[in-house]
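> The structure under discussion is supplied below as structure tokens; questions concerning it will follow.
Every read-out reported here was derived from the displayed coordinates using simple, explicitly stated rules and does not represent laboratory data. This is a predicted model, so every value here is computed, not measured. Every residue, glycine as well, gets a Cβ built from its backbone with ideal geometry; the counts of neighbours run over all protein chains shown.
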Amino acid sequence: MYFTKSEGSVADANTDVIQGTLDMLILKALSLEPLHGFGIGRRLEQLSGHVFKVNPGSLLTALTRLERYGWLESEWADTPNARRARFYRLTRAGRKQLREETTDWARRAGAIARILDAEG
Amino acid sequence: MSLRRQIVSGFRALVRSAAADRDVADEIEHYLAEATAAYRERGLSDHEARRAAQLDLGSRTAIRQEIRAVGWETGIESLLLDLRRAVRRLRRSPAFAAVTAATLALGIGASTSMFSVVRPVLLQSLPYPDADRLVTIADAGDAGGTPIDVTFGTFLEVVARSRSLQSAAVTRSWQPTLNGYGDAERLDGQSVSGDYFRVLGVGPAIGRDFSGADDRPGAPQVAIITDGLWRRRFGGDASVIGRTIRLDGAAVTIVGIMPRTFENVWSAQAQIWRPLGYDPSLPVQGREWGHHLQLIARVRSDSKLDTTSRELASIARTPAAPFSRPAWASLRGGFLINPLQDLVTARVKPALRSVTIGALLLLLIAAVNIVNLMLARGAERRTELATCAALGASRARLLTPLLGEALVLALVGGTLGVALAYMMVNALIAFEGFALPRLDAIRVDPAALAFAAALSTSIGIIAGCIPGLALSPGIEAPGPGPRVIAGHHRLRRGFVAAEVALAMVLLVGAGLLVRSVRQLMAVPPGFRPERVLTLQVQTAGREFRSPDTVRALFESVREAVRRVPGVASAALTSQLPLTGDGDIYGAGTKDDSALPPGADPSAYRYAISADYLATMGIALERGRTINEQDRSGGQPVALISASVARRRFPGRDPIGQQLRLGPADNWFTVVGVVSNVKQLSLAASSPDAVYVPEAQWRFVDRAMWVVIRTTVDPATIETAARQAIRGVNPNQPIVQVATMEQRVAASMARQRLVMGAFDTFAAVALLLATIGIYGVLAGGVIERTKEIAVRTAVGASRASIMGQVGRQAIAMAAIGIVVGGAVARAMSRSLVALLFEISPIDGLTYVGVAVLLLIAATVSAIVPAWRAARIEPALALRS
């Protein structure tokens with residue numbers, strides 16, 4: 001699942017998404033409502049409290065890949081400001097995938113937290 | 001993630017690649033627009049906002065490529081691009097491309113066609129359920145070892161006494177003439193005992209199988225026909241079941257039609273079957289005790305083939321009541337049991353195996369050739385590739401241009417090869433005298449196409465990768481070191497030596513076959529085949545019930561033919577040399593002590609008319625010939641072959657001696673000795689023959705050969721001869737018309753076919769080996785121009801420069817000859833069955849081929865050596 005290429009060095013204020021989590025974050029963003037590419041990026045920045053900045057190239061590539069996996073569907077529609085955009089929506093398979101990845105992430109994040117606690 | 005979805009969307013993307021590209025571009029533009037708008041909202045100017053958004057996004061082309069690379073189809077697209085480029089490059093060197101593709105086409109065509117033939121004939125089991133349990137059983141004869149047809153009595157005894165056979169049947173050939181439903185037509189068919197189709201395990205598709213009641217003497221006549229005959233003569237009308245047709249003038253009811261897919265491998269031409277109807281009470285003088293039936297049986301599933309062999313051997317050894325055996329069917333020699341598959345394939349197996357090996361060798365040499373040519377191309381483009389490498393092209397990316405070229409060549413070669421395979425298979429099927437079994441199953445089918453595709457793709461990949469791998473150590477940086485070049489040259493010389501070795505193997509095979517055929521052609525057949533036309537006239541039906549009518553008809557036919565203009569003489573015989581006839585009777589003398597125990601006492605029996613010897617051109621060595629005065633009722637006389645005279649009457653004058661042929665009381669007085677005649681084939685050596693006057697043979701022969709010696713080209717009188725015979729009786733079929741010269745040629749057909757194939761393969765191999773040697777030498781001279789120039793400058797003579805090039809050529813050839821000679825020696829054993837009076841390790845052939853290859857190597861060295869010698873020493877200074 002973790003195809004995402006290295007998104008470069010970790011910057012201070014605006015950080016790239018943690019390696020390997022972009023797919024899960026996209027699925028999460030889309031679980032709330034269908035969005036277009038830019039909208040997904042903006043939503044992730046907002047939700048992360050502007051900690052994460054999503055690389056557009058990685059985002060668009062990931063969208064294509066997730067659609068190929070069958071986790072997303074897309075269609076062209078008008079945005080509120082009257083531009084034509086490609087809107088992505090979560091499929092049933094995508095929803096299932098999101099649940100699995102969330103569980104997995106929680107397990108691993110917990111483990112990391114325990115390690116760090118122990119050291120602290 | 002389903003594989004299906006991957007594949008489907010991948011294909012969709014391939015098909016709609018333009019639309020998909022546009023979608024991606026639109027999406028990126030939209031992203032840019034939204035991002036610009038967002039920056040504007042934060043207070044940037046239009047221009048600044050757009051710039052910031054573009055900076056965020058990075059290179060749009062890069063993103064597009066990255067997105068497009070998500071699916072597997074991109075790999076295909078880049079491959080297609082490589083292939084397109086490869087085609088463009090190959091078009092710049094059309095000669096190279098044409099030669100390589102053509103040789104590959106020949107190799108793939110030959111192997112694919114052999115695959116198409118060998119698979120149904122030798123590899124697949126016969127088209128019957130549990131076909132491996134079907135066996136043929138033959139009487140081994142008194143001497144043992146020579147399979148002869150069984151008698152009905154033997155069949156009944158085997159069926160009654162064997163425990164390990166599930167079922168068994170006997171057959172004999174039957175050629176009825178069909179009257180009505182259009183023109184009279186002679187059909188090929190079989191008389192079979194009732195269980196025949198149950199033994200095979202295939203029953204009629206429409207109607208019913210033969211029952212036990214059908215197979216009794218005097219039962220109402222019934223027949224089963226093939227699907228082909230049903231459609232052709234009866235319009236595929238199912239109501240033909242139960243209908244009465246006329247065969248040889250008698251009423252026969254059709255009871256069944258075999259499935260369209262039914263193959264009668266036993267006798268492939270058979271279109272119609274009838275029950276044998278023999279008398280199970282086995283009258284002693286009846287046909288029931290004649291050796292003329294073929295026995296086929298199905299071994300029980302719980303029994304093994306050798307169990308059956310042992311059981312039948314024990315049955316043969318222990319005669320038991322109530323089964324009586326006459327002297328000529330005593331089963332003293334036991335039985336010969338063979339899988340049915342062997343019977344079907346034994347005849348063609350040696351030829352097919354040899355041609356297949358030849359085709360594979362050719363394929364191998366074509367593959368080595370393409371590898372070698374790709375190596376040369378790689379070497380030519382070394383600088384270009386090194387530059388690409390220096391500019392940062394990945395190693396894989398460097399390999400793809402050569403791989404693309406090799407693949408294009410292989411695919412073109414493969415496509416041409418498949419076309420060639422279609423032609424070759426059709427030619428093989430049509431090739432008279434080869435008589436391939438299972439013709440209906442031989443075709444270039446999907447399996448053969450897959451075989452060809454797999455072959456060409458793997459050859460393309462291998463040929464495309466080897467040069468890249470061999471070169472890549474040197475490509476890493478421009479100007480590869482001398483060690484790499486040297487290694488690369490060793491590799492090429494090795495491949496050329498391999499080509500020479502393969503050519504050696506093929507040339508040895510071709511040489512042995514050519515010499516065999518030449519020896520065969522030198523065999524005296526025992527008759528003079530020039531200007532002799534032969535044909536067979538058959539009699540059947542009510543009007544020929546009485547033997548006298550049959551004899552009268554044949555006599556009138558001979559008279560009528562004799563009067564045809566251009567005919568020198570005409571005669572009749574019951575069997576004709578080189579036709580496949582093999583009518584054998586046991587022969588005896590008053591004192592059989594001359595014959596060593598265990599020796600075969602049988603001889604070919606010819607029932608002949610007067611003039612037969614003169615017409616066939618068979619030499620009379622002693623005594624007199626058979627003439628018009630040797631009539632029925634006169635003293636029975638016979639002519640014997642020189643071999644019979646020597647074997648049966650050693651040290652005695654055979655003239656005037658008594659000779660028995662067949663039945664115990666069937667004695668003849670020998671009146672003449674004639675030269676030995678080849679009956680079965682030119683290669684076979686069983687010349688014992690006895691000739692008796694047709695009028696004095698106690699049974700009537702219902703089919704006779706008419707032999708016509710002409711003063712003109714025999715083919716030109718065929719029509720007149722046919723008309724003359726029809727003038728006597730228009731209803732009797734005239735079959736198997738051919739000149740004796742054609743029959744002599746046909747008897748060598750198999751050797752000739754294999755020889756032709758090997759000649760072609762060997763010629764191509766020789767050509768490729770020569771081109772290969774030339775290529776390596778020429779390339780070497782170009783690459784070593786500087787070195788040669790220096791050597792010339794320091795005083796090396798032109799002769800020594802030329803000598804060096806020549807020595808390289810000889811060295812490559814010598815290695816190839818030694819290796820190839822050893823391989824040929826090991827493989828030539830598989831040719832033995834096709835060779836005639838020549839050893840498979842015939843020294844002359846090996847030496848001759850080696851000399852030929854050395855000459856080829858020398859010839860191919862001439863031009864490179866000349867070029868090397870003309871290199872100016874000044875070149876060394878200039879470069």
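> Amide H of residue B:293: which non-local residues (sequence gap of 5 or more, or other chain) have their own amide H closer than 5 Å, using H built in the peptide plane?
Here the answer is B:150, since their amide H atoms fall under 5 Å of that of residue B:293.
> Using all C-alpha to C-alpha distances in chain A, build P(r) with 5 Å bins and read off the rounded percent in each one.
Spelled out per bin, shortest first, that is 2, 11, 19, 22, 21, 13, 7, 3, 1, 1, 0.
> In units of 2.2 N^0.38 Å, what is the alpha-carbon radius of gyration of chain B?
Its radius of gyration relative to the 2.2 N^0.38 Å reference: 1.29.
> Counting only DSSP beta bridges with both residues in segment B:540-731, tell me the antiparallel percent, nearest 5.
70 percent
> Between the DSSP loop rule and a limit of at most 12 other Cβ atoms within 10 Å, which trypsin sites (Lys or Arg not before Pro) in segment B:285-371 are left?
B:304
> If you don't mind, there's one more thing I want to ask. For segment B:1-74, which trypsin sites (Lys or Arg not before Pro) pass both filters: DSSP loop (anything but H, G, I, E, B) and at most 15 other C-beta atoms within 10 Å?
Here the sparse-neighbourhood loop sites are B:16, B:42.
> Return the tail of the calculated pair distribution for segment B:146-332, meaning the percent of Cα-Cα pairs more than 20 Å apart.
Here the long-distance tail beyond 20 Å is 57 percent of all Cα pairs in segment B:146-332.
> With angles folded into 0 to 90 degrees, how steeply does helix B:152-161 sit against the dominant principal axis of chain B? Use alpha carbons for both and round to 10.
70 degrees
> So what is the relative contact order of chain B, in percent, for Cα pairs below 8 Å that sit 6 or more residues apart?
14 percent
> Hey, got the average number of other protein chain Cβ atoms within 10 angstrom for residues in A:30-39?
2
> Using only the Cα atoms of segment B:234-371, build the gyration tensor, take square roots of its eigenvalues as a ≥ b ≥ c, and label the shape rounded, prolate or oblate: rounded if a/c is under 1.5, else prolate if a/b is larger than b/c, else oblate.
oblate
> For segment B:35-122, taking Cα atoms only, what is the radius of gyration to one decimal and the Dmax to the nearest whole Å?
Cα only, segment B:35-122: 27.3, 85 Å (Rg, Dmax).
> Give the span of the protein assembly as shown's Cα atoms along each principal axis, as three whole-Å numbers ordered largest to smallest.
Largest first, the protein assembly as shown extends 135, 87, 62 Å along its Cα principal axes.
> Any chance you could tell me what percent of the C-alpha pair distances in segment B:496-623 go past 20 Å?
67 percent
> Cα centroids of segment B:622-670 and segment B:148-214: how far apart, whole angstrom?
Each part reduced to its Cα centre gives a spacing of 38 Å.
> Extent of segment B:346-438 along each principal axis, from alpha carbon coordinates, in Å, largest to smallest?
Result for segment B:346-438: principal-axis Cα extents of 64, 21, 18 Å.
> Counting other Cβ atoms within 10 Å, keep those with at most 14, restrict to DSSP loop, and tell me which trypsin sites (Lys or Arg not before Pro) in segment B:87-128 are left.
B:92
> Average partner chain C-beta neighbours within 10 Å, per residue of A:41-48?
The mean count of partner-chain Cβ atoms within 10 Å per residue comes to 1.
> Does anyone have the angle between helix B:17-41 and the longest principal axis of chain B? Alpha-carbon axes, 0 to 90°, nearest 10?
Value to nearest ten degrees: 20.
> Within 10 Å of each Cβ in B:28-40, how many Cβ atoms from other chains are there, averaged over the peptide?
Partner Cβ neighbours, averaged per residue: 4.
> Could you give the Stokes-Einstein D for segment B:540-731 in µm² per second, using the C-alpha Kirkwood radius, 10 °C, 1.306 mPa s?
Translational D for this selection: 91 µm²/s.
> Also: To the nearest 10 degrees, how steeply does helix A:92-119 sit against the main Cα axis of chain A, on a 0 to 90 scale?
It works out to around 20 degrees.
> Now, a different point. Rounded to whole Å and sorted largest first, list the principal axis extents of the Cα atoms in segment B:3-71.
Sorted from largest, the Cα extents of segment B:3-71 read 49, 20, 16 Å.
> Highest first, please rank the peptides B:748-754, B:53-59 by the mean number of other Cβ atoms sitting within 10 Å of their residues.
B:748-754, B:53-59
> Follow-up. For segment B:638-795, divide the Cα radius of gyration by the Kirkwood radius and give the resulting Rg/Rh value with two decimals.
In segment B:638-795, Rg relative to Rh is 1.37.
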